[in-house]
1. Just to confirm the number: angle between the C-alpha axis of helix 10-42 and the first principal axis of the chain, 0 to 90 degrees, nearest 10?
2. How high is the relative contact order of the chain, given as a whole-number percent (alpha carbon pairs under 8 Å, six or more residues apart)?
3. Which percent of the accessible heavy-atom area of the chain goes to carbon and sulfur, probe 1.4 angstrom?
4. When ligands, DNA and RNA are left out and all protein chains stay put, how many square angstrom of accessible area per residue does the chain have with a 1.4 Å probe?
5. Mind giving me the nanometre distance, one decimal, between the label points for Glu68 and Gln7, set 7 Å out from Cα along Cα→Cβ?
6. With +1 on each Lys and Arg Cβ and -1 on each Asp and Glu Cβ, and nothing else charged, work out how big the dipole of the chain is about its Cα centre, in Debye to the nearest 20.
7. Each label point is 7 Å from the Cα along the Cα-to-Cβ direction; what then is the distance between the points at Leu34 and Ala15, in nm?
8. With r defined as the distance between the Cβ atoms of Arg54 and Arg22 and R0 fixed at 25 Å, what FRET efficiency is calculated, to the nearest 0.05?
Amino acid sequence: MALMSGQLTADDLRAAVEDISRRSAELSSAAASLAARAETDLGHDVAEIVKDLRAAARQLGVTRLLLEPAGVDLAA
């Protein structure tokens, strides 16, 4: 979602927070899945990459959790 230039509204902000949260969850799931597949299919050859993908998945999960209070506040 691209925010338009001009004055930001609460609806714009709500939509952006929801979009970031949704995308973070999708990317977290994709990174975790890719890490599992890489570990299974490629083994030790990509151990560091698997570690990095799992860390990214965790960080994206944290991003989503950090946005939850903002989403609740904007929904009120």
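1. Orientation of helix 10-42: about 0 degrees from the principal axis.
2. On the way: 55 pairs, mean separation 31.3, N = 76.
With pairs under 8 Å counted, the relative contact order is 41 percent.
3. 59 percent
4. Result: 75 Å² per residue.
5. About 3.4 nm, to one decimal.
6. Roughly 100 debye for the chain.
7. 2.8 nm
8. 0.75
The values are calculated or read from the model by the stated rules, or taken from the named source; none is laboratory data. Here the structure is a predicted model, which means the values were calculated and not measured. Cβ coordinates were reconstructed from backbone atoms using ideal geometry, including for glycine residues, and neighbour counts include every protein chain displayed. Note: accessible area is taken over every heavy atom of the protein model, side chains too, but ligands, DNA and RNA are not part of it. Shrake-Rupley method; radii C 1.70, N 1.55, O 1.52, S 1.80 Å.
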